[in-house]
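One structure is given here, and the rest of the page talks about it.
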Amino acid sequence: MTQSSPCTEEDLLFQQRGQVQHVILNRPKALNALNLSMVRDLTAKLKECLQDPRVSVITLRGAGGKAFCAGGDLKSLTYSVKEGNNYGQHFFFEEFALNYLIGTYPKPLISVMNGITFGGAAGLTVVGQFSVATEKSVFCMPECAIGLFPDVGSGYFLSRLPGNLGMFLGLTGHRLRGHEIVSAGLASHYIEYSKVGYKMFAQAYVLDAFYVESTIPERCTLEQHREQIARCFGGDSVEEIVRNLEHDHSAWAHTQLCAIRKMSPTSLKITFRLLKEGINKSLAETLKTEYRLTQRCVADKDFHEGIRA
């Protein structure tokens with residue numbers, strides 16, 4: 001039996017096939033960026049599914065083929081600050097509540113990270129039980145470039161990545177692709193896009209039947225530079241990390257220096273401290289801290305300059 005009940009403006013689409021509830025982010029022209037109504041509707045749907053014995057598995061994916069989700073809708077946030085309304089307060093509060101719901105969701109929830117998976121999208125994928133990367137997946141946390149910081153629980157999950165990998169990703173906005181996302185510990189499964197379909201989600205354990213062991217390509221940037229990442233990004237301050245990169249004298253280190261120097265200095269400091277302290281915090285504690293920080297950042301000039309750039 002198939003049921004389809006789109007949201008008012010069809011920013012989210014819902015389809016139930018058997019015991020599987022499929023949720024589709026449906027703003028392909030905006031790369032499926034999240035707005036407040038989507039956050040609210042998705043939260044309501046997930047809570048509804050918890051109480052529905054007919055739903056055993058929930059899947060989450062993006063429409064259009066180009067992006068899973070490009071994060072939060074920054075245009076709406078910028079407009080709200082200019083207008084002096086409280087949209088930003090509501091958006092971040094309710095988005096982080098959704099992230100916590102996904103991070104503690106008792107039913108199997110499978111997010112398909114096909115295409116662009118940036119920023120706030122991590123709060124729909126990384127914190128959950130199952131996240132599927134494909135050969136088309138591109139993951140990054142680009143917030144330092146726009147005067148924000150990696151949020152949606154990043155202080156919790158990035159801080160727990162081994163070898164200072166989380167610090168590297170948070171400060172540079174480096175992009176991971178396909179296999180690299182699984183290797184980094186930011187996706188649970190790697191599945192070829194051609195095999196990602198409705199049938200494979202009949203039960204969550206079916207994922208393993210399609211799972212491809214992540215044989216890392218020889219030219220995989222992440223694996224080639226693990227030692228450098230661990231050494232250079234293990235500094236006790238942003239300044240020390242910069243010095244470590246300067247003393248490395250490699251082309252790779254130069255690329256990271258260029259990336260860091262394009263970031264908001266304030267955002268870099270916030271991110272560094274968030275990740276250093278996050279290792280000792282729960283997901284709930286981290287999200288509370290991140291909420292307080294977002295309210296300060298969105299009112300700062302770096303955020304508005306970052307959006308314009």
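The values are calculated or read from the model by the stated rules, or taken from the named source; none is laboratory data. Only a predicted model underlies this, so the values are computations on that prediction, with no experimental measurement involved. All Cβ positions, glycine included, derive from the backbone under ideal geometry; neighbour counts span all protein chains shown.
Here are some notes:
- Hits in region 100-124 - residues which are touching an Asp or Glu at 6+ places or on another chain (Cβ under 8 Å) and either in a strand (DSSP E or B) or hydrophobic (A, V, I, L, M, F, W, C) (or both): none
- Of all residues in region 125-138, at least one satisfies being within 14 Å of the chain's Cα centre (by Cα) and part of a helix (DSSP H, G or I).
- Annotation note: Cβ proximity below 8 Å between a residue of region 167-180 that is under 17 Å from A70 (Cα atoms) and a residue that is of a type in the set (V, I, T) and in a loop (DSSP other than H, G, I, E, B) (sequence gap 6+ or interchain) occurs for G178/T134.
- Those residues of region 23-66 which are under 17 Å from D11 (Cβ atoms), aliphatic (A, V, I, L, M) and part of a loop (DSSP other than H, G, I, E, B), in sequence order: L31, A33, A63
- Positions within region 65-106 being among the small types (G, A, S) and over 16 Å from the mean Cα position of the chain (by Cα), in sequence order: G65, S76, S80, G84, G88
- Listed by first and then second residue, the pairs with beta-carbon distance under 7 Å, at least 6 apart or on different chains, first residue in region 230-242 and within 14 Å of L169 (Cα to Cα) and buried (at least 18 other Cβ atoms within 10 Å of the Cβ), second at pLDDT 95 or above and small (G, A, S), are C232/A253; I241/G235.
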